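Take a look at the structure set out below.
The values are calculated or read from the model by the stated rules, or taken from the named source; none is laboratory data. Please read all numbers here as calculations on a predicted model, not as lab measurements. Don't worry about glycine lacking a Cβ; one is built from the backbone with ideal geometry, like all the others, and counts go over all protein chains shown.
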4 protein chains.
Amino acid sequence: MRKTLVLTLVIALILSIQFATAGEHTVKHKNGIVLAMFGTTVEPALQGLLNIKDKMEDAYPNTPVRIAFTSNIIRKIWQKRAADPAYVKAHPEVPYEILHAQGPLATIANFQDEGFDTLIVQPTHIAPAEEFLDLSAYVKALASIETIKAKFKPFNKLVIGRPLLGTFGTTHPYEQDIEVAVKAMKEDVERAKKAGAALVYMGHGNDYFPSGGSYLQFQHIMDESYPEVTTLVGTVEGYPPFAQVLEVLKERGINKVVIRAFMIVAGDHATNDMAGPEEVSWKSMLEKEGISVIPYLHGMGENDEVADIYVRHVADAAADAAIQLK
Amino acid sequence: MRKTLVLTLVIALILSIQFATAGEHTVKHKNGIVLAMFGTTVEPALQGLLNIKDKMEDAYPNTPVRIAFTSNIIRKIWQKRAADPAYVKAHPEVPYEILHAQGPLATIANFQDEGFDTLIVQPTHIAPAEEFLDLSAYVKALASIETIKAKFKPFNKLVIGRPLLGTFGTTHPYEQDIEVAVKAMKEDVERAKKAGAALVYMGHGNDYFPSGGSYLQFQHIMDESYPEVTTLVGTVEGYPPFAQVLEVLKERGINKVVIRAFMIVAGDHATNDMAGPEEVSWKSMLEKEGISVIPYLHGMGENDEVADIYVRHVADAAADAAIQLK
Amino acid sequence: MRKTLVLTLVIALILSIQFATAGEHTVKHKNGIVLAMFGTTVEPALQGLLNIKDKMEDAYPNTPVRIAFTSNIIRKIWQKRAADPAYVKAHPEVPYEILHAQGPLATIANFQDEGFDTLIVQPTHIAPAEEFLDLSAYVKALASIETIKAKFKPFNKLVIGRPLLGTFGTTHPYEQDIEVAVKAMKEDVERAKKAGAALVYMGHGNDYFPSGGSYLQFQHIMDESYPEVTTLVGTVEGYPPFAQVLEVLKERGINKVVIRAFMIVAGDHATNDMAGPEEVSWKSMLEKEGISVIPYLHGMGENDEVADIYVRHVADAAADAAIQLK
Amino acid sequence: MRKTLVLTLVIALILSIQFATAGEHTVKHKNGIVLAMFGTTVEPALQGLLNIKDKMEDAYPNTPVRIAFTSNIIRKIWQKRAADPAYVKAHPEVPYEILHAQGPLATIANFQDEGFDTLIVQPTHIAPAEEFLDLSAYVKALASIETIKAKFKPFNKLVIGRPLLGTFGTTHPYEQDIEVAVKAMKEDVERAKKAGAALVYMGHGNDYFPSGGSYLQFQHIMDESYPEVTTLVGTVEGYPPFAQVLEVLKERGINKVVIRAFMIVAGDHATNDMAGPEEVSWKSMLEKEGISVIPYLHGMGENDEVADIYVRHVADAAADAAIQLK
């Protein structure tokens, strides 16, 4: 199987080469995709990320896809694990690329160093907020590097794809992205409906960025699209807080909820902050109010329709930049 | 009175000069403030802007304050009016600087051309959304101009202040800014309370930028701070829509509201979209539902406490950049 | 004549409008040219600049051309003169646009404010050195301003033309530009030849930028192209210094020279540093060595072939950016 | 010895950590140096580079120094060699870091990924020309990356040092840098003097960048400083060409020269273009004219005084940015 992978990769690299003229001489452009996420240290949660990567590779079999973890802390933990033979032996399911994941700058730069000068950076972010803007700042700065001879420009094209709930601008109105995301949530609605429960999502949120609008507009369109089930979104940080979710549940006399992390992976926040046994977990706090809780511990990336959205966001970013992915 | 103004200005210019060394020789730095707003063509609405300007000039008597209108369409209307002697004669209350207002680029550049190399651009925006990000892009680009000799750098310092509801980042957490704004709304709460009405704000909103979070978090903190009055925010464009406001009013059986534009001036949106006689105005749509409506046609800039917030945002931007305003 | 000018300008503005789609709606693009020079306070020297402007306007009758002076000191002197009615009356030959010349930032910004969003900034610089790089920094920064809606981007296109002796990069190899400039110097060679003299150019030079290569390569190609006359270039500042010019003259036993400023205008440097009566002028120092001196006090801009080169550099900058000048 | 190296490195890393506050919390800043050169495939030529690296490590024993090769072609050759066990075995003198050298982007990014957020990029360039400006563009772009939370900014400080002959700007006037370089050439002057020969340097030069001024000003100051020996500089590409060197040699009746590459390493240009047996080598062309030639096949980096200059340029870049190297 490893051999096949290597062979596939080699063929992919060959086929992903495009020819183009860049001033002085013909430069062979090579495409690549960087899948950037915050990162997680919870091994089973990786499935949310790897599923998106698989879909991406199925869609563009001749374009290498690499993973970047933006969190310095999470990368450090993987570095320790990678250096620990016992850990590596005990976790054959963790791929090499996770054990050795780098930040977005190094991932992009090493890709470029190997000759991949046409890159799409696709975040797995949910909302267009702090992390997405930070990553956009990296991409914009790198894409701005000009050289005196055009052929030495490090990047032919370097662009960024949209988060799940879209982003600013008129090319792809974010409201349409929310509508598409809402459609992909049907499985959660079905789950809640069967259980006779409301659906509660735990978004990440941010104390220093007003990202609540994306979550609440998503909630609003969920309500319009699935009036049969009450959907509520709260956040770990910032606004809308859990207290607001609880208040509405109580107002409406709801006594049963399905809860799921509105995050790409069901990592630490899902297992602890949302569904953990501590008193301050959402589960504990809901149960204390007499609401019975059905946690669904799967990251959004495990939902194939969500994974497909990220694949389409890559396709859009490529099309907008006239990059032909193969 | 004109003479006094000129004299004051001259003294202001002299005093606003700061001395500093910029490499090769001593450069005299001069401070200025640009007050940037979308603009309005409704003459009485100008009061919302001019009140902020007055407060700014009171606070920093030795720092000239200039107005920029970001809207191309609105500037063109003023240009036509300025060229029409009949209009000018009929409107002595409209100051020269409004008749001849320029966009932010020209306003900043002309300021710089006159030797003001240390500028604070203070938007009168409510939320950190499209217009604020666009203006930030101007400021960031202009501030990035470097020259081979430091003394020829066009700007010593060029920074931007925060909108009313704050912006991203940790230096001035936006939630605190919302709390401060909420305090300034007390007069509206009193007005609604006296009338036994709910308080409905019409924010601008945006179809292409998820700014709803700022408005809804503001609404949330209004609710917490003033539980005695129901506060709801809807937007002209995008999310949260008027329909959502109406739904809540009906749910709660509210039959009387005070409505006010959550915008710096009570211009076209306030007089027409909000309180106009057309069927699609908020007033008409509310009345159709049997809700009686008390419009309050004053821009937020006419609220002195709001105006003071913008003055403080200028002070913060100056302090963060080690600019000493006088 | 004034009326005709105004009429021509009005027609020019109308015709210079191009239609193009910019995302959300059709934006009318309007072209303009900014002619940027250091500036001069010597009235007759203005002819070097105004000749280039005339040629530019002849070539693109429907594109307004505006002048910017980059020197803060020179602009201040003109501002004083403009404010002095006696001066204005005594100098009817000085056009309004010179009396009120602004720096490049304000000139570009005011152009933009009037709706000209497609601009070519053409410096009248000789060499690609400090001033050209500084101006390029302005242009690059302004051109980089992006807005969330494409239609609000301040500049559709904003580009810079090359100095007389070209600049870095492969699109227009600078050596070819030097060759073209050398051809345009034929009139100086003829002048020197007739007088049985060597030809000495006074370039500006720079203590803080190694611009000597452009001058010496120009001198080298002059030598190859016109072997019948010795051409030497020295600079006011930096390298190659006058001392080196003098040394070669003495080595070769030359006792007669035509001297001319290798600058766009024959301003202060030409009249004083080059041909003035002071002991340290080049003329005085040459005469002290027994070399007879024929000063030619005309800026390079007065040479029609040189003026035409700047017109072509505008044409090249436009063509490279797919701007259709009319 | 390897163990000592590893130990030294580990201690270096620990000591190079500086503590500083970056807004939200204390970030440990770590310093590093990137030594960026074009690259060479000639093994013995590496000594010119490695000598500079050694000096750098001696000067800052607690700051790791990494090598980057800017040439894509040269990196590819090393990659092939690194993948060829026979080559690796046959060349134990080639260090791992050369076999696996990356471009400047990847070198800087990987450094950053390991936590080194305070970097000085020191080019080994001779003149401030194409390669230096390109590298500066990389550094400027990377240094411009801002994040919403200051603590996530990828680089605390990222600056670039000056080439041997200095660069634009007033902080370190380039003429002084040339003077310092001229002093370091004393050994070459002595060599030529002993041999009763002129001294001819082969600079690289550039067809698309007017870099000749740096070389000729260097030559000028060599002449002033060492009048006893004629020094001439020609370039492989562009101006001043070999033909000009030859012309002067013939004019002055010089029949013996010491030739040396004015490049950091004595690589392909030195061994072939300068001193090779082909008809078009400088040696062959000079000998054809009856001039006897003494090639000196050592890169400038092998001259300890030159290596020390690069160390000082790192020190200056650090001091200018308030970085404390240890």
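Of the conditions (1) of a type outside the set (S, T, Y); (2) in a helix (DSSP H, G or I); (3) in contact with a Gly (Cβ under 9 Å, 6 or more places away or on another chain), B:R191 satisfies every one except a single condition; which number is it? Only one criterion in (1) of a type outside the set (S, T, Y); (2) in a helix (DSSP H, G or I); (3) in contact with a Gly (Cβ under 9 Å, 6 or more places away or on another chain) is unmet by B:R191, namely (3).
Residue-by-condition table, conditions (1) more than 14 Å from chain A (Cβ to nearest Cβ); (2) at pLDDT 95 or above; (3) within 15 Å of the chain's Cα centre (by Cα):
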residue	(1), (2), (3)
D:T147	no, yes, no
D:P154	no, yes, no
D:K157	yes, yes, no
D:P163	yes, yes, yes
D:F168	yes, yes, no
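Only one of the listed residues (A:S284, A:S214, A:S225) is closer than 25 Å to B:I178 by Cβ and small (G, A, S). That residue is A:S214.
Within the option set D:A181, D:A137, being farther than 26 Å from C:Q176 by Cβ, assigned to a helix (DSSP H, G or I), under 24 Å from the mean Cα position of the chain (by Cα) and modelled with pLDDT of 95 or more holds for one residue only, D:A181.
Just one of the listed residues (D:P64, D:P92, D:P85) is modelled with pLDDT of 95 or more and touching a Leu at 6+ places or on another chain (Cβ under 8 Å), namely D:P64. Considering only residues in segment A:142-160 that are of a type in the set (K, R) and part of a loop (DSSP other than H, G, I, E, B), the one that is nearest to D:S144 (Cα to Cα) turns out to be A:K153. B:D84 falls short of the stated requirement of being surrounded by fewer than 20 Cβ atoms within 10 Å (Cβ to Cβ), under 16 Å from B:R312 (Cα atoms) and out of contact with any Asp or Glu (no Cβ under 9 Å at 6 or more places or on another chain). Scan segment B:280-301 for residues that are part of a helix (DSSP H, G or I) and touching a strand residue (DSSP E or B) at 6+ places or on another chain (Cβ under 7 Å) and jot them down. Result: B:W282, B:K283, B:L286, B:E287.
Of all residues in segment C:3-29, those satisfying the criterion of being assigned to a strand (DSSP E or B) and at pLDDT below 60 are C:I17, C:Q18, C:F19, C:A20, C:T21.
Among residues of segment A:270-320 being exposed (fewer than 15 other Cβ atoms within 10 Å of the Cβ) and hydrophobic (A, V, I, L, M, F, W, C), the one that is farthest from A:F116 (Cα to Cα) is A:V280.
One residue stands out among those in segment D:90-128 that are facing chain A (nearest Cβ under 9 Å) and part of a loop (DSSP other than H, G, I, E, B): the one that is surrounded by the most Cβ atoms within 10 Å (Cβ to Cβ), which is D:G103.
Scanning segment D:74-82 finds no residues that are under 23 Å from A:H100 (Cα atoms), more than 17 Å from the chain's Cα centre (by Cα), away from every other protein chain (no Cβ under 14 Å) and modelled with pLDDT of 95 or more.
Considering (1) outside any loop (DSSP other than H, G, I, E, B); (2) at pLDDT below 95, the lone condition that C:K326 does not fulfil carries the number (1). Between C:Y226, C:Y215, C:Y208, the distinction of being in contact with a strand residue (DSSP E or B) (Cβ under 6 Å, 6 or more places away or on another chain) and of a type in the set (F, W, Y) belongs to C:Y215 only.
Considering segment A:57-73, and only residues there that are more than 14 Å from chain D (Cβ to nearest Cβ) and surrounded by fewer than 24 Cβ atoms within 10 Å (Cβ to Cβ), the residue that is nearest to A:L325 (Cα to Cα) turns out to be A:Y60.
Scan segment C:220-233 for residues that are crowded, with 23+ Cβ neighbours inside 10 Å and either within 12 Å of another protein chain (Cβ to nearest Cβ) or in a helix (DSSP H, G or I) (or both) and the total you get is 2.
Counting only residues that are free of Cβ contacts under 8 Å to residues at least 60 places away in the same chain and not acidic (D, E), segment B:187-200 holds 3 of them. Scanning segment A:245-254 for residues that are without any contact (Cβ under 8 Å) to a residue 24 or more places away in the chain and part of a helix (DSSP H, G or I) gives A:E247, A:V248, A:E251.
Here's the yes/no breakdown for (1) at positive phi; (2) of a type in the set (A, V, I, L, M):
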{"site": "B:A243", "(1), (2)": "no, yes"}
{"site": "B:G253", "(1), (2)": "yes, no"}
{"site": "B:M263", "(1), (2)": "no, yes"}
{"site": "B:K288", "(1), (2)": "no, no"}
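The residues on offer are D:G32, D:G48, and the sole one that is modelled with pLDDT of 95 or more, under 30 Å from D:F262 (Cα atoms) and more than 16 Å from the chain's Cα centre (by Cα) is D:G32. Can you name the residue in segment A:130-140 that is touching a strand residue (DSSP E or B) at 6+ places or on another chain (Cβ under 9 Å) and at the interface with chain D (Cβ under 9 Å from one of its Cβ atoms) and, of all such residues, is farthest from A:G299 (Cα to Cα)? The extreme case among them is A:K140. Quick check, is C:E251 surrounded by fewer than 15 Cβ atoms within 10 Å (Cβ to Cβ) and at pLDDT below 95? So C:E251 passes the test.
Could you tell me whether segment A:181-191 includes any residue that is in contact with a helix residue (DSSP H, G or I) (Cβ under 6 Å, 6 or more places away or on another chain), among the charged types (D, E, K, R) and more than 8 Å from every other protein chain (Cβ to nearest Cβ)? So far as segment A:181-191 goes, no, none of its residues is in contact with a helix residue (DSSP H, G or I) (Cβ under 6 Å, 6 or more places away or on another chain), among the charged types (D, E, K, R) and more than 8 Å from every other protein chain (Cβ to nearest Cβ). Checking segment A:227-244 against the condition returns a match, with at least one residue being among the hydroxyl-bearing types (S, T, Y), under 23 Å from A:A184 (Cα atoms), in contact with a Pro (Cβ under 8 Å, 6 or more places away or on another chain) and free of Cβ contacts under 8 Å to residues at least 40 places away in the same chain.
For the condition under 30 Å from A:K140 (Cα atoms) and out of contact with any Pro (no Cβ under 8 Å at 6 or more places or on another chain), A:M222 does not qualify.
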